[in-house]
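Trainee: Got a structure here, written out as C-alpha cells. Questions coming.
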There are 2 protein chains.
Amino acid sequence: MLFKELIRKKRDGGELSKEEIEFIVSSYTKGEVPDYQMGALLMAIYFQGLSYEEMLHLTDSMLKSGKTVTVRTNGILVDKHSTGGIGDKVSFIISPTLAELGFKVPMLSGRALGFTGGTVDKLESTGARSELSEEEISEITEKFGFSISAQTKEIAPADRKIYALRDATETVESIPLIVSSILSKKLAVNTEAIVFDVKVGSGAFMKTEEKAEELAKGLVEVAKLYGKKAGALITEMSQPLGRYAGNALEIKESIDALSGEIEKDLLEVTASLVGLLFELTKKGSFKEGKKKAEEVILSGKALDRFLSWLEYLGGNPEVKVAEKKILVKAPTSGYISNINGEALGYLIVELGGGRKRAGERIDHSVGLGFLKKIGDYVERGEPLGEIYYTFGDPEELTGKFLSAYSFSEVPCPKPTLVKKVLV
Amino acid sequence: MLFKELIRKKRDGGELSKEEIEFIVSSYTKGEVPDYQMGALLMAIYFQGLSYEEMLHLTDSMLKSGKTVTVRTNGILVDKHSTGGIGDKVSFIISPTLAELGFKVPMLSGRALGFTGGTVDKLESTGARSELSEEEISEITEKFGFSISAQTKEIAPADRKIYALRDATETVESIPLIVSSILSKKLAVNTEAIVFDVKVGSGAFMKTEEKAEELAKGLVEVAKLYGKKAGALITEMSQPLGRYAGNALEIKESIDALSGEIEKDLLEVTASLVGLLFELTKKGSFKEGKKKAEEVILSGKALDRFLSWLEYLGGNPEVKVAEKKILVKAPTSGYISNINGEALGYLIVELGGGRKRAGERIDHSVGLGFLKKIGDYVERGEPLGEIYYTFGDPEELTGKFLSAYSFSEVPCPKPTLVKKVLV
C-alpha cells in the first residue's frame, strides 16, 4: 500500500477501507510515514470528511495502538463524556449520583487545555491522587461505585501523536477527527453505555448547533457501530455552567451541589444525563432516571459517598481558594443579553488557572464567580460576578470580565438548557 | 507572523497578503517551517485555491528565491511554453521560425517526467550541450535569433523544494500551484511577451477543457499582472502531436518539419502560436503572423538556422534511432475513435525513453510512430503505428500499443486542433 495513494483517494472524496486506515495509523505511529504526508492527509480529511465507518476504523486503529482498561466489577458499567466548557463540573456530581442509583462509573478524564477546564486538574486541587492503575480503578469503582482518574499514557498513544500533528497543522477542528480522538480513549474502557454531553455556544468548542449536532451524531453512531449503547445531549454553553469556574471553586461548588445546594442549570444537565443513561441501559425511562437523579442530589444522599471517595484518594474537600477577590459590579442597568464564555475561559487562563500549552503548571485557587446569568435583570452597581486572583491589576481584570458581558434594555430569554437528545 | 495562522486563514478560504506569501516561501525555503505544516498548507490550497493576486505573489516569491536571466540582445524577446504532451516538438520548430520572422527567443526548457517528454532530453539526443550560462544564452540568442537550453538550478530554487513536497503530498494537480510553478521559472527571463500552449486531452496533464481553461487563464492573467504581454492557446492533445513521439524520433521529425515536410496538426499549432505572438507584440494580426509562420516553415527557410545552431552546440542532426522496429497493424477495420495519449506516453517510459523518477537516465533512441490518427479509416491489417525499441517482447509491446486505440464502425470527427485563444 502506498501512503501517497491513500492521500489521493481521500483528497478526491473516496472512502478509505478498514485495512487502509489501519495501515495509515500503524505506519504513522511506527514512524514509517513522514509527518508531511500525514499532515496533508489530515488536511484532506478536514475538507472531505470521514464516513461513520471510516471514523470507526480510525477510532479502532488508534484504540488498538495502546492498552485497554478492563474494570472488574459487578453492575452496569456506564460513562459520561463532556466535550468541555466553562464551569462544567458535572463529572463530580453525576458520578456519585449514578453510583447511588446502582450504576458503576469508571471515569477517565483529561486536563485543562485552551479555554476550558479539565476534571483532573479540579480533582488535583484537593490534593487527591489522579493517576491510578487498572487494578486501582477496578477496586475503587467496586468500593465507591465510581472512580474518576486521569487517562493513562498507555491508552491510544496513536491518538496523542496524531493530535500533536493536528495541532500543528490546523486540523484540530475536523469533526470526524474529534469523534475518533474522543472515542479512541472513551471506548478503551469496558463500559456498557456511554452518554455524551456535547456543549454548544460561546463557552464551548462547538459554537453552532449544527456543528454540535454533527459531533454528537458522530460520537453516538460510531460508539454504536463499536457495539456500545450510546446517546448524547446537546446542552447550552453560551454562558458558564453553574455558579463558579476555576479548579478549587468548582470542587467547592460540587460539594455544595451534592449536599442539595445546586444551581438549577447544573441540576438540569446532570439529571438529564442520568435520564439518558436510564433509557440506554433500559433501567427505566429518561423521565424516571432524571427524577431519581434530582431526588438523590437534592436530598444530599450522594455527598458522603463523594467525600469518602475523595478522602480515600488523599484529597481534602477544604480546597484553597485565592484570598484576593474582586466583586465586579454591573456597569449599567439592563438585562444580560449575552456572555462570552470563551473570553471568560481565557481570563481564567490569564489568572493562572488554565493552560496555554500542555504540561504547564496551573494555580488551582483562582477562578470566577457568576452571580447573574443571561436573561437576568441587573441594576447599575449591583454585584454581577467575582474574580478570585493571586496577581494582576484589579481594574484590568474587571475590564476583561465585563467585556464578556452584553446588556440590553429589553428583556432577553434565558437559553434552553438541553437543546437536543440523540439516541 | 505565525505559520499556523496562515494555514488556518487559507483553510478557511481567506486571501493571503503579499507579505504573508513572502513569509511562507522564504521561511519554508530557509527550512524554518517544518514540512508537515507546508504540506498541510499545500493541501488547504488544493481545496481553497488561490486568487490571481495570490498566485502573483507566490510566483514572485519563488522567482526571487533564485537568480533571474537577463538576455542582452536587441529585438523583441519572446517565449513559448507548453504544458506538455505526447509528441510535442513545437519548441524546435517555432524557435527558428520566430527568429526568421525577426523575434529573439531565449527559451529555457525542462526534462521529461511522467508520461510526457522533455525538450531538453530531445535536444540531448543529438549530443548537443543543453546547459548554458547566462552569457552563453545571450550570445546564442543574439547569434541565431533563438536559444534552447535547460533551466539552470539557480532559477527559482523555492519552486523546486515546494514541488518535491507537492509530489509527496498529492498536491501537484492544484492549478494555482501549477500556474505559480510554471511562471516562477518562465518569468525569470526578461522576455517581452510569452505564449502558453495549454494542452488538453488524454495525452496531456489537463484532461478536460474546463481544467485547461482554468490553467490557461491563470497563466495569462498572472503573467499580465507581472507586467508581461501574455496569451494562451488551448490545443488538442487527445492524441499525439505529429508523426512521432520519442526523443531522437522527434528531432528527426522536427528537421523534416523545418524543411517543409510537416504534419498538418504540428503546422497548425506552431503557426497559431506565432500568430498569437504577432498579436501580443503588435507586430501584426494573429492571421498575418500565422500565415507568415506557415510560409517560413513550408519554404524550409528556417532549417539552416536550426542546423547551424545545433552544430554550434555540438549536436549531430543524424540522431540514432533504435534499430529494432515493430510495424503495428490494425486489428480490425473501422474508424479510429479514440487514442489514449497517456497510455502511449507511459509505453515510451517503459521502452526506456522516459523517466519514472527525476534524474533517471533515458534511452533517446526509442519511441513510437503514428501512421493513423483519430477520425482516420483503417482496414484490418493496415499499418497503424510503429514501435522503435531496444528490449522487450514484441507481442507484449504491440498489445500495449493497441490497447491505447479504440475503433468505431461509424465515422468519427477529427478533433479541433486549436480549441480556444486567450489574450
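The values are calculated or read from the model by the stated rules, or taken from the named source; none is laboratory data. It should be emphasised that the depicted structure is a prediction, and the values quoted were computed from it without experimental measurement. Here Cβ is always computed from backbone atoms with ideal geometry, including for glycine, and neighbour counts include all displayed protein chains. These area figures cover heavy atoms from the full protein model, side chains too; ligands, DNA and RNA do not enter into them. Shrake-Rupley method; radii C 1.70, N 1.55, O 1.52, S 1.80 Å.
Trainee: Using label points projected 7 Å from each Cα along Cα→Cβ, tell me how many nm separate B:Glu311 and B:Glu323, to one decimal.
Mentor: In this crude spin-label approximation the distance works out to 2.9 nm.
Trainee: Could you tell me whether region B:3-63 comes out rounded, prolate or oblate from its Cα gyration tensor? Rule is a ≥ b ≥ c as square roots of the eigenvalues, rounded for a/c under 1.5, then prolate if a/b exceeds b/c, otherwise oblate.
Mentor: Taking the square roots of the gyration eigenvalues as a ≥ b ≥ c, region B:3-63 is oblate.
Trainee: Within a Cβ distance under 14 Å of A:Gly300, other residues only, what is the Lys/Arg minus Asp/Glu net charge?
Mentor: It works out to a net charge of -4.
Trainee: Counting other Cβ atoms within 10 Å, keep those with at most 10, restrict to DSSP loop, and tell me which GluC sites (Glu not before Pro) in region A:22-69 are left.
Mentor: Sites meeting the loop and neighbour criteria: A:Glu32.
Trainee: A:Asp363's amide H: which non-local residues (gap 5+, or another chain) put their own amide H closer than 5 Å, with H modeled 1.01 Å from N in plane and none for Pro or chain starts?
Mentor: Residues meeting the amide H criterion: A:Gly353, A:Gly354.
Trainee: Of B:Lys252/B:Lys420; B:Lys67/B:Lys207; B:Lys80/B:Lys292; A:Lys9/B:Lys211; B:Lys287/B:Lys419, which sit over 23 Å apart, Cα to Cα?
Mentor: B:Lys252/B:Lys420; B:Lys67/B:Lys207
Trainee: Would you mind checking which residues have amide H under 5 Å from A:Lys324's amide H? H placed 1.01 Å from N; only 5 or more apart, or other chain.
Mentor: Here A:Tyr389 satisfy the definition.
Trainee: Keeping every protein chain in place, order B:Arg361, A:Arg11, B:Arg72, B:Arg111 by accessible area at 1.4 Å, biggest value first, i.e. largest first.
Mentor: Values: B:Arg361 220, A:Arg11 10, B:Arg72 175, B:Arg111 95 Å².
Largest to smallest exposure gives the sequence B:Arg361, B:Arg72, B:Arg111, A:Arg11.
Trainee: Let me ask something additional. For the residue pair B:Thr332 and B:Arg129, what label-to-label distance in nm results when each label sits 7 Å from Cα along the Cα-to-beta-carbon direction?
Mentor: 5.4
Trainee: What FRET efficiency comes out for the pair A:Glu261/A:Glu379, r = Cβ-Cβ distance, R0 = 25 Å, nearest 0.05? Kindly include the intermediate steps, with their values, before the conclusion.
Mentor: Numbers: r = 25 Å, r/R0 = 1.02.
Rounded to the nearest 0.05, the efficiency is 0.45.
Trainee: Next up: May I ask you to give the percent of accessible area on region B:324-408 that is carbon plus sulfur, with a probe radius of 1.4 Å?
Mentor: In region B:324-408, the share of accessible area belonging to carbon and sulfur is 47 percent.
Trainee: Here is a further query. Which distances, in nm and shortest first, link the A:Leu298 label point to the same label point in every other copy, taking 7 Å along Cα→Cβ?
Mentor: Result, one decimal in nm: 10.1.
Trainee: Then there is this: Which residues of region A:160-182 end up with at least 30 Å² less accessible area in the presence of all protein chains than when their chain stands alone, using a 1.4 Å probe?
Mentor: The answer is A:Ala168, A:Thr169, A:Glu170, A:Glu173 - residues whose exposure falls by at least 30 Å² when every protein chain is included.
Trainee: What list of ³J(HN,Hα) couplings, whole Hz, do you get for region B:316-332 from phi and the Karplus terms 6.51, -1.76, 1.60, once you set θ to phi - 60° and write x for glycine and proline?
Mentor: So the J values, rounded to whole Hz, are 10, x, 7, 6, 8, 9, 3, 6, 6, 9, 10, 8, 8, 9, 5, x, 7.
Trainee: Using a/c under 1.5 as the rounded threshold, could you call the protein assembly as shown rounded, prolate or oblate? The axes a ≥ b ≥ c are square roots of the C-alpha gyration tensor eigenvalues, and prolate needs a/b larger than b/c, oblate otherwise.
Mentor: Prolate, because a/c is 1.5 or more and a/b exceeds b/c.
Trainee: If you don't mind, another one. List the distances, in nm and shortest first, from the label point of A:Gly359 to the matching label points in every other copy, placing each point 7 Å from Cα along the Cα-to-Cβ direction.
Mentor: Label point to label point, same position, other copies: 3.5 nm.
Trainee: Taking a label point 7 Å from Cα toward Cβ, how far is B:Thr68 from its twins in the other copies, in nm, shortest first?
Mentor: Counterpart label points of B:Thr68 in the remaining copies fall at 6.6 nm.
Trainee: Please sort by residue number the GluC sites (Glu not before Pro) in region B:342-423 whose DSSP state is loop and whose Cβ has at most 14 other Cβ atoms within 10 Å.
Mentor: Qualifying residues, ordered by number: B:Glu360, B:Glu379, B:Glu409.
Trainee: Here's a follow-up. Subtract the Cα-Cα distance of A:Phe391 and A:Lys287 from 0.36 nm times their separation in residues, and report this length gain in nm to one decimal.
Mentor: Taking 0.36 nm per residue and subtracting the Cα distance, the gain is 32.8 nm.
Trainee: Which positions within region B:32-49 get 40 Å² or more of their accessible surface covered by the other protein chains, compared to the chain by itself, with a 1.4 angstrom probe?
Mentor: Going by heavy-atom accessible area, the residues of region B:32-49 that drop by at least 40 Å² are B:Tyr36, B:Ala40, B:Met43, B:Phe47.
Trainee: On to the next question. Enter the mean projected area of the convex hull around the alpha-carbon atoms of region A:1-107, in nm², rounded to one decimal.
Mentor: Result: 9.3 nm².
Trainee: Expressed in whole Å with the largest first, what are the equivalent ellipsoid semi-axes of region A:183-282 derived from the C-alpha gyration tensor as the square root of 5 times each eigenvalue?
Mentor: 25, 18, 12
Trainee: Sticking with this one: What length, rounded to one decimal in nm, is gained on full extension from A:Lys67 through to A:Glu154, with 0.36 nm per residue of separation minus their alpha-carbon distance?
Mentor: In short, 30.8 nm is gained.
Trainee: With both partners inside the protein assembly as shown, how many of the DSSP beta bridges are antiparallel, as a percent to the nearest 5?
Mentor: Values: 46 of 90 bridges.
Of all bridge pairs located within the protein assembly as shown, approximately 50 percent are antiparallel.
Trainee: When the accessible area of region A:1-118 is computed with all protein chains present and a 1.4 Å probe, what percentage of it is carbon and sulfur?
Mentor: Ligands and nucleic acids excluded, carbon and sulfur give 49 percent.
Trainee: Take the Cβ-Cβ distance between A:Lys143 and A:Ser403 as r, set R0 to 41 Å, and report the resulting FRET efficiency rounded to the nearest 0.05.
Mentor: Result of the calculation: an efficiency of 0.30.
Trainee: Oh, and also: So which residues in region B:11-25 end up with at least 20 square angstrom less accessible surface once the other protein chains are there, compared with the chain by itself, probe 1.4 angstrom?
Mentor: Buried-area filter returns B:Arg11.
Trainee: Here's a follow-up. Picking from A:Ile148, A:Thr169, A:Ser181, whose Cα lies most toward the positive end of the charge dipole for region A:117-189 (charges on Cβ: Lys, Arg +1; Asp, Glu -1)?
Mentor: A:Thr169
Trainee: Return the sequence-ordered ³J(HN,Hα) values of region A:245-255 in whole Hz as given by the Karplus equation 6.51 cos²θ - 1.76 cosθ + 1.60 applied to θ = phi - 60°, using x for Gly and Pro.
Mentor: So the Karplus estimates, Gly and Pro as x, are 9, x, 4, 5, 4, 6, 5, 4, 5, 5, 5 Hz.
Trainee: Based on Cβ point charges of +1 for Lys and Arg and -1 for Asp and Glu, what charge dipole magnitude is obtained for region A:324-408 about its Cα centre, in debye rounded to the nearest 20?
Mentor: I would put it at about 200 debye.
Trainee: Label-point separation (nm) for B:Glu19 and A:Lys414, each offset 7 Å from Cα along Cα-to-Cβ?
Mentor: A separation of 4.8 nm, rounded to one decimal place.
Trainee: Roughly how big is the B-A contact, given as buried accessible area in Å² (both sides, 1.4 Å probe, nearest 100)?
Mentor: 2000
Trainee: What is the local net charge at B:Thr152, summed over the other residues whose Cβ is closer than 14 Å to its Cβ (Lys, Arg +1; Asp, Glu -1)?
Mentor: Taking every other residue near B:Thr152 into account, the sum is +1.
Trainee: Note down the net charge around B:Glu395, summing +1 for each Lys or Arg and -1 for each Asp or Glu among other residues with Cβ under 15 Å from its Cβ.
Mentor: +1
Trainee: Hey, another quick one. Using the Karplus curve 6.51 cos²θ - 1.76 cosθ + 1.60 with θ = phi - 60°, what ³J(HN,Hα) values do you get for each residue of region B:340-349, in whole Hz, with x for Gly and Pro?
Mentor: Result, ordered by residue: 8, x, 4, 4, 5, x, 5, 5, 5, 4 Hz.
Trainee: Right, something else. Skip the ligands, DNA and RNA, and give the accessible area per residue of the protein assembly as shown with a 1.4 Å probe, whole Å².
Mentor: Per-residue value: 39 Å².
Trainee: If I stretch the segment between A:Arg357 and A:Glu53 completely, what's the gain in nm (0.36 nm per residue apart, minus their alpha carbon distance), one decimal? Walk me through the numbers before you get to the answer.
Mentor: Working: separation 304, 0.36 × 304 = 109.44 nm, distance 3.27 nm.
That pair, A:Arg357 and A:Glu53, stretches by 106.2 nm at full extension.
Trainee: Under a 5 Å amide H to amide H cut-off, with H placed in plane at 1.01 Å, what residues pair with A:His81 once short-range neighbours are removed?
Mentor: Those lying under 5 Å, H to H, from A:His81 are A:Val195, A:Phe196, A:Asp197.
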